[in-house]
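Reviewing the structure listed below.
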Amino acid sequence: MLQSVAQVRNWVVTHIPLTASLVGYDLFLKLGNDIAAGLPLDVDRIAAGLPHAREEVLAHLELMAQARLVGFGELGEVCPTSDFVALLDEYGRTFDSLFIVREDLRGQQLLIASADPQLGAFARLLYDRIYDLGWLYLHNFGSVCFLMASLVRRIAAAHGQQARIVTCYAEVAHERSNYLLGAPGYAKPGQVEGHAACVIDERVLVDFGLGNARKGYRRDFPWGVVCDYRRDGAAIGTAQVAAREIITWKDDWQSPAAEAELARYAPHIEDLFGQYAARFL
């Protein structure tokens, strides 16, 4: 990551005029951000948003004007030239070649439906790290819920959280149909009936093993869901996934093969946790 950050910095200094100084570098990023966000390019507002003296920012804007990167409007607003916009586009392509914007990707894959901000943030961190290890892909552990629940429990415990596995099944209710994940009678050949998730601190339910819902229900179903752990009859957690679509975890039926399935993966947990610890702890 640090190498990539350095590469971006070096690219900017090499290809964008007047960015060798800190004020020049910061001003380029500030202008680029405000253009992308559609914010007004008022000189005073730009100067107030930078950790440099106003006089320094104004002097550098004058240098950028001399280099035909910006102009000034009648009201004193900064007007980027086509040359500046072209450089900004090239910067974007360079950045995209080195980084993925995690927030956008996570927003497509992870649903946090918990009212607990602290544990919601912790689950988000776990998701990011487990994703970076490649475990959430279908060809790895994204559809192996008993293994994934075991890994989440082990990692959460390493961070000082109380965690336990719950064996259950999940029901995705839609106005037109219901989809059952891990319920009796729905296992395909080679699959084990049942489902597993992890409960952390008896407050949130974390399910990163929803790959079979992506395979059997809809391909854009979340890769992971985090919701409040709250019992309501047979239900132990629920979350609204989309308009008129709700997922509910229930434990009024639990797979008789659950313990054997957890035992099957138990010998591998410490080795896999070692990969996590080596990278993040």
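The values are calculated or read from the model by the stated rules, or taken from the named source; none is laboratory data. Keep in mind the model is a prediction, meaning the values are calculated, not measured. Ideal geometry is used to build each Cβ from the backbone, glycine not excepted, and the neighbour counts take in all protein chains shown. We work out accessible area using only protein heavy atoms, side chains counted, and drop any ligands, DNA or RNA first. Shrake-Rupley method; radii C 1.70, N 1.55, O 1.52, S 1.80 Å.
Taking R0 as 41 Å, what's the FRET efficiency between ASN10 and GLN118 from their Cβ-Cβ distance, rounded to 0.05?
Values: r = 38 Å, r/R0 = 0.93.
The value I calculate is 0.60.
Using only the Cα atoms of the range 137-281, build the gyration tensor, take square roots of its eigenvalues as a ≥ b ≥ c, and label the shape rounded, prolate or oblate: rounded if a/c is under 1.5, else prolate if a/b is larger than b/c, else oblate. It comes out prolate by the Cα gyration axes. The label-point distance for ARG93 and LEU138, in a model that sets each label 7 Å from Cα toward Cβ, rounds to 3.3 nm.
R0 = 41 Å: FRET efficiency of ALA67 with ARG129, Cβ-based, nearest 0.05?
On the way: r = 43 Å, r/R0 = 1.05.
Approximately 0.45, to the nearest 0.05.
Taking Cα centre as origin and charging only the Cβ of basic (Lys, Arg, +1) and acidic (Asp, Glu, -1) residues, the dipole magnitude of the chain rounds to 940 debye. So I have [x] 22.0; [y] 19.5; [z] 20.5, and one of them is Kirkwood radius over Cα pairs in Å calculated from this model. Which one is it? Checking each listed value against the structure points to [x]. With the convex hull drawn over the C-alpha atoms of the range 222-281, the volume per residue is 138 Å³. Once the Cβ-Cβ distance between GLU270 and ILE100 is put in as r, and R0 is 22 Å, what FRET efficiency do you end up with, to the nearest 0.05? Plugging the Cβ-Cβ distance into 1/(1 + (r/R0)^6) gives 0.15.
Computed from the Cα positions only, the extents of the range 1-96 along the three principal axes stand at 41, 26, 24 Å, in decreasing order. Under a Cβ-Cβ cut-off of 15 Å, what is the net charge of the residues other than ASP34 that fall near it, where Lys and Arg count +1 and Asp and Glu count -1? Around ASP34, the charge tally is -2. Taking a straight line from the alpha carbon of LYS215, these lysines sit under 28 Å away, with near neighbours fewer than eight places off in the same chain left out: LYS188, LYS250. Ordering ALA257, ALA239, VAL204 by Cα displacement along the dipole of the range 123-281 toward the positive end leaves ALA239 in first place; charges were set at the Cβ atoms of Lys, Arg (+1) and Asp, Glu (-1). For the chain, the longest principal axis of the Cα atoms and the long axis of helix 117-132 meet at an angle of about 90 degrees.
Could you tell me which residue out of GLY92, GLN191, SER143 lies farthest along the dipole of the range 44-193 toward its positive end? Charges go on the beta carbon: Lys and Arg +1, Asp and Glu -1, centred on the Cα centre. Working it through, the farthest residue towards the positive pole turns out to be GLN191.
By accessible area, using a 1.4 Å probe on protein heavy atoms only, the chain has 52% of its surface on carbon and sulfur.
Per residue, how much accessible area does the chain have with a 1.4 Å probe, in Å²?
Numbers: 14630 Å² over 281 residues.
With all protein chains present, the chain gives 52 Å² per residue.
Helix 22-37 and the longest principal axis of the Cα set of the chain meet at an angle near 60°.
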